[in-house]
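The values are calculated or read from the model by the stated rules, or taken from the named source; none is laboratory data. Since the structure is predicted, the reported quantities are computational estimates derived from the model, not experimental observations. Virtual Cβ from ideal backbone geometry, glycine too; neighbours counted across all protein chains shown. Note: areas computed on protein heavy atoms with side chains; ligands, DNA, RNA excluded. Shrake-Rupley method; radii C 1.70, N 1.55, O 1.52, S 1.80 Å.
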Amino acid sequence: GPLSAFVAATQIITEEIQQMTIDEIREITDSMKTSATNIYSLLENLLEWSRLRRGGMDFVPEKFNLNKKTIECIEVLCDSARKKGVKIDVSIPDDLEVLVDSHMFDSVIRNLVSNAIKFTIPGGVVNISAGYNNAHSIEIKVSDSGIGMAPELKERLFHINEKTSRPGTGGEPSSGLGLLLCKEFIEKHNGKIWVESIEGQGSTFFFTIP
């Protein structure tokens, strides 16, 4: 999806640039930037999935302050949320600490929050919260006020042999691979991930970590 959009945009630029206005060129190059960002994200997930499957990815858990770590993770997503008119709220107690592999945790948070932004309409809210699940586990929630999903789609999530991709509210492409990667990374920490969703009312993704 994003690759074909990028190729189409470059073809328009190549063939019609002499007749295009500055505003038209700016519009095309903005779409190229979006497509390139989506291609990069897809390739990153594919490479990480491949490394994990081949056993080539190190797993090095360290202790982190959850609130600080989460804010650092989502910093790269704030610009896309702002442009779409979606607010991101983080409500995590300052004293929570987690034992996680830094790279894997970053990937999980970025994938879940990116999806939440993708399926939320402008003016909506994405909330990240956390609390103790039990004495040895913390439950993290990523909630959105977006379009939600039908029960049959919800049941197909986290299964590699099921097609779950659908465009975001702004036409953003989606592969479904990010959620599979989240599941693998969370299970590597002996945690679990699940979702609750009502069509038209938003979704909440839950996961647990030590």
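Could you tell me what fraction of 2.2 N^0.38 Å the Cα radius of gyration of the range 8-116 comes to, as a two-decimal ratio?
Values: Rg = 18.9 Å, N = 109, 2.2 N^0.38 = 13.1 Å.
In units of the 2.2 N^0.38 Å rule of thumb, it is 1.44.
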| Å² per residue, accessible surface of the range 72-210 at 1.4 Å | 48
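Over the chain, what is the mean sequence separation of C-alpha contacts under 8 Å (at least six apart), divided by residue count, expressed as relative contact order in percent? Write out the running numbers ahead of the final one.
Values: 329 pairs, mean separation 39.2, N = 210.
In percent, rounded to a whole number, it is 19.
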| said: Under a crude label model (7 Å from the Cα following the beta-carbon direction), how far is Ala8 from Lys83 in nanometres? | reply: 1.8
| request: Write out the chymotrypsin sites (Phe, Trp or Tyr not before Pro) in the range 14-73 meeting two conditions: DSSP loop, and at most 14 other Cβ atoms within 10 Å of their Cβ. | output: Phe59
| How high is the relative contact order of the range 1-86, in percent, with contacts defined as C-alpha pairs under 8 Å that are six or more residues apart? | 29
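Summing Lys, Arg as +1 and Asp, Glu as -1, what charge do residues with Cβ under 13 Å from the Cβ of Ile92 carry, Ile92 excluded?
Once positives and negatives cancel, what remains is -3.
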| message | As an exercise, use a Förster radius of 22 Å and the Cβ-Cβ distance of Ala150 and Ile121 to find the FRET efficiency, rounded to the nearest 0.05. | response | 0.80
| request: With no solvent and one equal point scatterer per Cα, compute the Debye intensity ratio I(q)/I(0) for the chain at 0.16, 0.17 Å⁻¹ and report its log10, rounded to two decimals. | output: -1.11, -1.23
| message | Quick check: Cα centre of the range 1-50 to Cα centre of the range 94-138, how many Å? | response | 29
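Given 0.36 nm per residue, what is the gain on full extension from Glu72 to Ser31 after removing their alpha carbon distance, in nm? Before the final figure, lay out the partial values.
On the way: separation 41, 0.36 × 41 = 14.76 nm, distance 2.67 nm.
This chain segment gains 12.1 nm when fully extended.
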| request: Might you report the magnitude of the Cβ-based charge dipole of the chain about its Cα centre, with Lys and Arg at +1 and Asp and Glu at -1, to the nearest 20 debye? | output: 340
